[in-house]
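Enquirer: Dumping the structure here so I can ask a few things about it.
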Amino acid sequence: MSDMNHPSNDDQGFVPASFTPQPLTPGGAFPQAQTQNAFAPQAPAFAPQTPSSGAFAPAGTPRTSGPVPPFTERELRSFRHSAEIPLYTIMVVFNVLVVAFALISSILAFFDIGPLTGKSGAMINELILGIQAEADAHIEIIVILIGLPILLLFTVYLYYAQYRANSIRITEKNFPEIYEVVEDYARRLGMKNVPKVYLTQENGLLNAFSTYILRRQYVVLLTDLFEVAYLEHHDLDSIKFIIGHEMAHIRLKHATFSYQMSILFANYLPIIGNALSRAREYSCDRVAQHLVGKSGIEPMLALVVGKHLYKKVDVEDYVKHCHEVRGFFVFIYNLMASHPIMPKRIQALLRDHGSGRLFF
Ligand SMILES: [Zn+2]
């Protein structure tokens, strides 16, 4: 699968060609330059909070006046999905093993010594890295091990240039109430820097994501996600939830170059990579819930039915329907997904504590 959309450059007319990052697909082909952290699996949207989501009152999120104190480290740990660190650890170990094995076998093959030399070594490398088992495969492996991180860096900087070139930055003057939210959440999350938030349109795509360059992270909100909630519904809570979710990816260190490098090759692991991604999403939903003090169900409904209709959804009925979405093929579908399927995601939000269900 490819990570980028490369819309054709010709006859774009009004719209400049862009190499839009695929928001959310972890475990994809290589340079995952970007948005492992998009809010929504494919076409996120977000929307207003309708009142029917039950009495959600997360601890430590008073809704009255006065600044809410920052989260403690303990609170942040409790928000993180219980499987996230174990899965990440497995991925890192696998990543290290792949790199070490590829390096060692290539070096041995280069000097034509050791048990993994020549054709057999190259074949093993082929199994791991998908490289042609040719006599000089070890050279290709070295090139890939060095070249892929460089390619990843190149890509993330290119994306950064794209978003700066084609976005409005949210500031004290541009959408000041949103800027205040970003500042407040940065404080409550104990972030040293307030991340920059860019607003851009991508031809109707509904999404938001956090991403990175070296030592800096930023958030991109896509206009379609933003404008309906902001203009039509005056639904700041849903916008806040989306922003909170993306800032949580930054605070929990998902959106960093080092994090992506640490699991770069482990993304080839078919089940674990997606499970880790789903765990990250649960973690960030939980953080956003506690930042906003709302269930977060309405922005999810917008992802399901779109930016206008989510207001019309009967939440109770939908939740009842969520319990019915199960069975073998639902299990398989969820297993392959980078984000929890919506019924599971919403059920986790309804519980307002603990960890969402990764598999069953
Ligand atoms: Zn996310």
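The values are calculated or read from the model by the stated rules, or taken from the named source; none is laboratory data. Being a predicted model, the structure only gives us computed values, none of them experimental. In this analysis, Cβ positions are derived from the backbone assuming ideal geometry, glycine residues included, and neighbour counts consider all displayed protein chains.
Enquirer: How many residues does the range 76-91 hold that are in a helix (DSSP H, G or I) and surrounded by 15 or more Cβ atoms within 10 Å (Cβ to Cβ)? Please lay out each step first, then the result.
Expert: Taking the range 76-91 as the starting set, the residues that turn out to be in a helix (DSSP H, G or I) are 76-79, 84-91.
Applying the additional criterion that residues be surrounded by 15 or more Cβ atoms within 10 Å (Cβ to Cβ) yields 76, 78-79, 84, 87-88, 90-91.
Of the residues in that region, 8 qualify.
Enquirer: Also: From the set of residues in the range 188-210 that are surrounded by 15 or more Cβ atoms within 10 Å (Cβ to Cβ) and out of contact with any Leu (no Cβ under 9 Å at 6 or more places or on another chain), which is modelled with the lowest pLDDT? Talk me through it step by step, then tell me what you get.
Expert: Step one: filter the range 188-210 for residues surrounded by 15 or more Cβ atoms within 10 Å (Cβ to Cβ), giving 188-189, 191, 195-202, 205-210.
Still in the list and also out of contact with any Leu (no Cβ under 9 Å at 6 or more places or on another chain): 191, 195-196, 210.
On the way: 191: 94, 195: 95, 196: 95, 210: 88.
Going through the qualifying residues, I end up with 210.
Results for (1) more than 16 Å from the ligand (Cβ to nearest atom); (2) on the phi < 0 side of the Ramachandran plot; (3) in contact with a Ser or Thr (Cβ under 7 Å, 6 or more places away or on another chain), shown as yes or no for each residue.
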residue	(1), (2), (3)
245	no, yes, no
259	no, yes, no
264	yes, yes, no
277	no, yes, yes
280	no, yes, no
285	no, yes, no
309	yes, yes, no
319	yes, yes, no
324	yes, yes, no
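Enquirer: If you take the residues in the range 92-116 that are in a helix (DSSP H, G or I) and either β-branched (Val, Ile, Thr) or exposed (fewer than 13 other Cβ atoms within 10 Å of the Cβ) (or both), which one is modelled with the lowest pLDDT?
Expert: For the range 92-116, the residue satisfying everything is 107.
Enquirer: While we're here: Tell me yes or no: at least one residue of the range 308-327 is closer than 22 Å to residue 185 by Cβ and in contact with a Pro (Cβ under 6 Å, 6 or more places away or on another chain). Walk me through how you get there before you give the answer.
Expert: Residues of the range 308-327 that are closer than 22 Å to residue 185 by Cβ, as a first pass: none.
No, the range 308-327 contains no residue that is closer than 22 Å to residue 185 by Cβ and in contact with a Pro (Cβ under 6 Å, 6 or more places away or on another chain).
Enquirer: Do you know which of the residues in the range 305-332 that are more than 24 Å from residue 225 (Cβ to Cβ) and aromatic (Phe, Trp, Tyr) is surrounded by the most Cβ atoms within 10 Å (Cβ to Cβ)?
Expert: Of everything passing the filter in the range 305-332, 331 is surrounded by the most Cβ atoms within 10 Å (Cβ to Cβ).
Enquirer: I need the full set of residues from the range 233-262 which are surrounded by fewer than 24 Cβ atoms within 10 Å (Cβ to Cβ) and among the aliphatic types (A, V, I, L, M), in order please.
Expert: The answer is 236, 252, 261.
Okay, residues lined up against (1) at positive phi; (2) touching a residue at least 60 places away in the same chain (Cβ under 8 Å); (3) of a type in the set (D, E, K, R):
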| position | (1), (2), (3) |
| --- | --- |
| 142 | no, no, no |
| 149 | no, yes, no |
| 160 | no, no, no |
| 176 | no, no, no |
| 179 | no, no, no |
| 183 | no, no, yes |
| 195 | no, no, no |
| 200 | no, no, no |
| 205 | no, yes, no |
